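Each remark here refers to the structure printed beneath this line.
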Amino acid sequence: MRQATVTRNTSETQITISINLDGTGKAHFDTGVPFLEHMLDQIARHGLIDLDIVCKGDLHIDDHHTVEDIGITLGQALKQALGDKMGIRRYGHAYVPLDESLSRVVLDLSGRAGLEYHVEYTRALIGRFDVDLFSEFFHGLVNHAMMTLHIDNIRGKNAHHQAETIFKAFGRALRMAVEHDERMVGKMPSTKGTLTA
């Protein structure tokens, strides 16, 4: 089982994340940021990844540190759970619609960090959640999981729908990328022979 538990403590946040890449989509969250939890649940359920995320953050200031640091810690846990990446598909992609909204996510578990994030939300807040923080979340995740990630919201009028299609598509793309390819058993999906850098 490809599992990891990572704890990250700073003066701003105290986080513990457990991940099981070969799970069933079970999720438990205690972060104090309900809309982020709703989005993280999309990753778990559509990625068939078990996630347990507990975070105590400085929410009396705002949600920024909590959201960004969860992205960082999730990236660390994902990298650890993947191990040497032997035999995985490596690449993943998904298009996901929700009513009028459509998003595309393409990723490569390349060992190189890179984010292309092209989303123009139709409003700045979803409830009390600042949509700018999603970019911070994905930057933190990419930089610590060491993946290349392209996110495009192709269309959308409802900001909630825009965000949900992005996270669902990310979950589906990640599920594809981490899957073992029966034709790649014992093989590294790279001509370099490594996916660590």
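The values are calculated or read from the model by the stated rules, or taken from the named source; none is laboratory data. Just so you know, these numbers come straight off a predicted model, no measurement behind them. All Cβ positions, glycine included, derive from the backbone under ideal geometry; neighbour counts span all protein chains shown.
In the stretch 24-38, is there at least one residue being closer than 19 Å to Asp108 by Cα and assigned to a helix (DSSP H, G or I)? Full working, then the answer.
Filtering the stretch 24-38 for residues closer than 19 Å to Asp108 by Cα gives none.
No, every residue in the stretch 24-38 fails to be closer than 19 Å to Asp108 by Cα and assigned to a helix (DSSP H, G or I).
Residue-wise test of (1) more than 18 Å from Thr5 (Cα to Cα); (2) modelled with pLDDT of 95 or more.
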residue: Ala44; (1), (2): no, yes
residue: Leu51; (1), (2): no, yes
residue: His60; (1), (2): yes, yes
residue: Ile70; (1), (2): no, yes
residue: Gln76; (1), (2): no, yes
residue: Met86; (1), (2): yes, no
residue: Arg89; (1), (2): yes, no
residue: Val105; (1), (2): yes, yes
residue: Asp108; (1), (2): yes, yes
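Looking at this structure, is Leu141 among the aliphatic types (A, V, I, L, M), buried (at least 17 other Cβ atoms within 10 Å of the Cβ), assigned to a strand (DSSP E or B) and in contact (Cβ under 8 Å) with a residue 24 or more places away in the chain? Before you say what the answer is, go through the steps one by one.
Working: among the aliphatic types (A, V, I, L, M): yes; buried (at least 17 other Cβ atoms within 10 Å of the Cβ): yes; assigned to a strand (DSSP E or B): no; in contact (Cβ under 8 Å) with a residue 24 or more places away in the chain: yes.
In short, no.
Does Leu115 count as closer than 26 Å to Thr10 by Cβ and part of a strand (DSSP E or B)?
Working: closer than 26 Å to Thr10 by Cβ: yes; part of a strand (DSSP E or B): yes.
For Leu115, the condition - closer than 26 Å to Thr10 by Cβ and part of a strand (DSSP E or B) - is met.
One line per residue, one yes/no per condition, for (1) in contact with a Lys or Arg (Cβ under 9 Å, 6 or more places away or on another chain); (2) on the phi < 0 side of the Ramachandran plot:
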position: Asp52; (1), (2): yes, yes
position: His60; (1), (2): no, yes
position: Asp84; (1), (2): no, yes
position: Gly87; (1), (2): yes, no
position: Arg90; (1), (2): no, no
position: Val105; (1), (2): yes, yes
position: Asp108; (1), (2): yes, yes
position: Gly114; (1), (2): no, yes
position: Arg128; (1), (2): no, yes
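Any residue at all in the stretch 49-63 that is touching a residue at least 24 places away in the same chain (Cβ under 8 Å), over 30 Å from His180 (Cα atoms) and surrounded by 22 or more Cβ atoms within 10 Å (Cβ to Cβ)?
Yes.
Just a yes or no: is a residue in the stretch 4-17 polar (S, T, N, Q), buried (at least 17 other Cβ atoms within 10 Å of the Cβ), modelled with pLDDT of 95 or more and more than 13 Å from the chain's Cα centre (by Cα)?
So far as the stretch 4-17 goes, yes, one or more of its residues are polar (S, T, N, Q), buried (at least 17 other Cβ atoms within 10 Å of the Cβ), modelled with pLDDT of 95 or more and more than 13 Å from the chain's Cα centre (by Cα).
Does Gly156 satisfy the condition of being farther than 22 Å from Asp50 by Cβ and touching a Phe, Trp or Tyr at 6+ places or on another chain (Cβ under 7 Å)? Let's see the steps before the verdict.
Numbers: farther than 22 Å from Asp50 by Cβ: yes; touching a Phe, Trp or Tyr at 6+ places or on another chain (Cβ under 7 Å): no.
It is false that Gly156 is farther than 22 Å from Asp50 by Cβ and touching a Phe, Trp or Tyr at 6+ places or on another chain (Cβ under 7 Å).
Quick one: Asn153 ticks every box in (1) among the polar types (S, T, N, Q); (2) over 22 Å from Pro97 (Cβ atoms); (3) out of contact with any Gly (no Cβ under 7 Å at 6 or more places or on another chain); (4) at pLDDT 95 or above except a single one, so which number is it?
Of (1) among the polar types (S, T, N, Q); (2) over 22 Å from Pro97 (Cβ atoms); (3) out of contact with any Gly (no Cβ under 7 Å at 6 or more places or on another chain); (4) at pLDDT 95 or above, only one is false for Asn153: (2).
Which one of these is under 30 Å from Arg2 (Cβ atoms), acidic (Asp, Glu) and surrounded by fewer than 18 Cβ atoms within 10 Å (Cβ to Cβ): Glu100, Glu120, Glu136, Glu116? Working first, answer last.
Numbers: Glu100 fails: under 30 Å from Arg2 (Cβ atoms); Glu120 fails: under 30 Å from Arg2 (Cβ atoms); Glu136 fails: surrounded by fewer than 18 Cβ atoms within 10 Å (Cβ to Cβ).
One residue alone meets the criteria, Glu116.
Can you confirm whether Ala81 is touching a residue at least 40 places away in the same chain (Cβ under 8 Å) and under 12 Å from Leu141 (Cα atoms)? Spell out the reasoning first.
Working: touching a residue at least 40 places away in the same chain (Cβ under 8 Å): yes; under 12 Å from Leu141 (Cα atoms): no.
So Ala81 does not fit the description; no.
Can you list residue pairs whose Cβ atoms sit under 6 Å apart, with the first residue in the stretch 165-183 being part of a helix (DSSP H, G or I) and of a type in the set (Val, Ile, Thr) and the second being crowded, with 23+ Cβ neighbours inside 10 Å and modelled with pLDDT under 95? Count only pairs 6 or more apart in sequence or on different chains.
Val178/Ile88
Looking at Tyr121, is it more than 12 Å from the chain's Cα centre (by Cα) and part of a strand (DSSP E or B)? Step through it out loud before you land on a result.
Working: more than 12 Å from the chain's Cα centre (by Cα): yes; part of a strand (DSSP E or B): no.
So Tyr121 does not fit the description; no.
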